[in-house]
Amino acid sequence: MGKLLVKPFGVDFGPTLAPAGARILDVLKRLVASYPFDVTITSARDGMHSGPGDPHHSGEAFDLRTKTLTDPQKATLLADLRETLYKTPRKFWVDLEAPGQPYEHIHV
């Protein structure tokens, strides 16, 4: 059974969780519990993001570490998140950002 982890020293979820953030956490928790691997949240409201309108700042987006996952694990996580969150009408964007780069991560 996998665990949903949070990067030590640095993930800021804010004083209250936005409804979108709560939905992402709920889905992550349920999915990861069924995996034989752990998943780590590396960023929520914190970190460098694309500007003041970025959904991270409002608690509506999270980044997930991929450097500890195998390619099949990444593919499973991406597919499951998209199946659960990336439906019509599209409410959430799920993507592997910077594939193959040192800062590769899954953005939800």
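Name the residues whose placed amide hydrogens come within less than 5 Å of the amide hydrogen of Ser43, ignoring near sequence neighbours (fewer than 5 apart) on the same chain.
Asp63
Counting other Cβ atoms within 10 Å of each Cβ, which trypsin sites (Lys or Arg not before Pro) in region 59-96 have at most 14 and sit in a DSSP loop? Before the final figure, lay out the partial values.
Working: sites: Arg65, Lys67, Lys74, Arg82, Lys87, Arg90, Lys91; in loops: Lys67, Lys87, Arg90, Lys91.
Sites meeting the loop and neighbour criteria: Lys67, Lys87, Arg90, Lys91.
What's the Cα-based Rg to Rh of region 58-108, Rh via Kirkwood?
On the way: Rg = 11.1 Å, Rh = 11.4 Å.
Using only Cα positions, Rg/Rh for region 58-108 is 0.98.
Long-range amide H contacts for Asp95: which residues qualify at under 5 Å (H placed 1.01 Å from N, peptide plane, sequence gap of 5 or more or a different chain)?
When sequence neighbours closer than 5 places are left aside, the close amide H contacts are His107.
How large is the accessible surface per residue of the chain, computed with a 1.4 Å probe and reported in Å² as a whole number? Let's see the in-between values first.
Details: 6290 Å² over 108 residues.
I get 58 Å² per residue for the chain.
Compute the Rg/Rh shape ratio of the chain: radius of gyration over Kirkwood radius, all on alpha-carbon atoms. Walk me through the numbers before you get to the answer.
On the way: Rg = 13.0 Å, Rh = 14.0 Å.
With Rh from the inverse mean 1/r over Cα pairs, Rg/Rh is 0.93.
So what is the calculated 222 nm ellipticity per residue for the chain, using -39500 (n - 2.57) for each DSSP H run with n of 4 or more, over all residues, to the nearest 500 deg cm²/dmol?
Details: 2 runs with 30 residues, N = 108.
Helix contribution divided over all residues of the chain: -9000 deg cm²/dmol.
Share of the chain's accessible area from carbon and sulfur, percent, 1.4 Å?
Details: 3600 of 6290 Å².
Accessible surface attributable to carbon and sulfur in the chain totals 57 percent.
Just give me a number: lysine pairs in the chain, eight or more positions apart or cross-chain, with C-alpha atoms less than 18 Å apart. Could the numbers behind the result be given before it?
Details: Lys3/Lys29; Lys3/Lys67; Lys3/Lys74; Lys7/Lys29; Lys7/Lys67; Lys7/Lys74; Lys29/Lys74.
Close lysine pairs found across the chain: 7.
How big is the antiparallel share of DSSP beta bridges in the chain, given as a percent to the nearest 5?
Numbers: 8 of 11 bridges.
Antiparallel bridges make up about 75 percent of those DSSP assigns within the chain.
The values are calculated or read from the model by the stated rules, or taken from the named source; none is laboratory data. Predicted model only: the values in this text are computed from it and were never measured. Glycine also receives a Cβ, built like all others from the backbone with ideal geometry; neighbour counts cover every protein chain displayed. Just the protein is used for accessible areas: all its heavy atoms, side chains included, with ligands, DNA and RNA removed. Shrake-Rupley method; radii C 1.70, N 1.55, O 1.52, S 1.80 Å.
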